[in-house]
1. Rank the residues Val23, Val162, Val41, Val211 as a footprinting-exposure proxy: fewest other Cβ atoms within 10 Å of their Cβ go first.
2. Mind checking the dipole of the chain: about its Cα centre, +1 per Lys or Arg Cβ, -1 per Asp or Glu Cβ, Debye to the nearest 20?
3. Evaluate the relative contact order of the chain (contact order divided by residue number), counting alpha-carbon pairs under 8 angstrom at least 6 apart; express in whole percent.
4. May I ask for the net charge around Thr26, where only other residues with Cβ less than 13 Å from the Cβ of Thr26 are counted and Lys, Arg are +1 while Asp, Glu are -1?
5. With both bridge residues required to lie in the stretch 131-263, what share of the DSSP beta bridges run antiparallel, to the nearest 5%?
6. Show that you can apply the helix-only estimate: for the chain, add -39,500 (n - 2.57) for every DSSP H stretch of four or more residues, divide by all residues, and state [θ] at 222 nm to the nearest 500.
7. 5 Å is the cut-off here: which amide hydrogens, built 1.01 Å from N in the peptide plane, fall below it relative to Asn232, excluding neighbours closer than 5 in sequence?
8. Quick one: net charge of Gly64's neighbours, Cβ under 11 Å, K/R +1, D/E -1?
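Here, each number is a calculation from the coordinates, and none is a lab measurement. All values derive from a computational prediction rather than experimental measurement. Cβ sites come from the backbone with ideal geometry, for glycine too, and all protein chains shown count toward neighbours.
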Amino acid sequence: MEADGEEIALRCTGIERRFHGVVAVTGIDVAIAKGEIFGLVGPNGSGKTTLVNAITGFFPPSSGEIRLNEKVTTGLAPYRIASLGVARTFQNLALFNGLTVLDNILLGRHIHMRPSVWRTALYWWAAQAEEAANREKVEEIIEFMQLESVRDELVDDIPIGVKKRIELARALASEPSLLILDEPMAGMNQEETEYMARFILDARDERDVTVLLIEHQMDVITGICDRVLALNYGEMIATGTPSEVVSDPRVVEAYIGGSREPV
């Protein structure tokens with residue numbers, strides 16, 4: 001699926017991923033234009049997370065090619081893909097209990113840090129300015145995500161809706177060009193969902209981020225996504241605008257009829 005006439009942020013061609021003979025995804029062709037919010041939908045077990053794991057290097061594709069800003073990233077280690085401007089949030093919260101909100105977001109700056117024994121030993125000369133610059137970036141993200149009131153609190157007992165915003169803030173702290181969000185609204189009430197949708201739109205518009213969004217809430221998909229890809233049983237079943245995809249009979253059948261065990 002090509003984004004005609006647009007500069008491409010992410011291109012997947014002929015992606016297939018097998019696990020010991022089991023084909024998890026196959027025949028995936030997708031191109032996401034820079035500045036898009038691109039939705040990825042499908043019932044549980046349809047291959048959404050498997051595709052994202054291939055893109056981010058956790059489980060490289062068995063065949064096919066992935067390009068980020070036209071640079072081939074197929075088979076690169078996750079840390080190298082992250083260094084090229086890919087950030088990700090996870091379906092299950094991955095915050096560090098026992099650390100403050102500020103410290104959790106600061107961890108998102110790790111790809112911009114250059115730790116070494118000598119820099120640590122010469123902290124006042126070599127590393128202090130770098131630390132100050134990273135903290136300044138984090139404070140900017142805290143303000144952007146409206147987390148000032150909890151910046152110094154431990155994340156342990158913060159409500160899930162706020163934790164989701166913290167995870168998004170940590171991803172944004174890495175200054176990504178491609179932001180992959182795996183069900184960022186899961187567990188949220190309606191008000192929290194609307195806030196998160198607004199933050200995602202603002203991240204695209206104000207921080208020049210391309211977004212790949214996995215989400216089950218179709219009102220979110222139709223409300224903020226530019227285009228959508230629907231998967232079922234690891235295969236593409238519909239692509240196009242949100243209204244086209246959610247009304248496609250194959251998509252309706254996939255959601256009503258259920259799916260295999262999650263992959």
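1. Ascending number of Cβ neighbours within 10 Å: Val23, Val162, Val211, Val41.
2. For this selection, approximately 1020 debye.
3. Relative contact order comes out at 29 percent.
4. -1
5. 50 percent
6. -10500 deg cm²/dmol
7. Counting only residues 5 or more places away or on other chains, the set is Ile237.
8. Neighbour charge sum, excluding Gly64 itself: 0.
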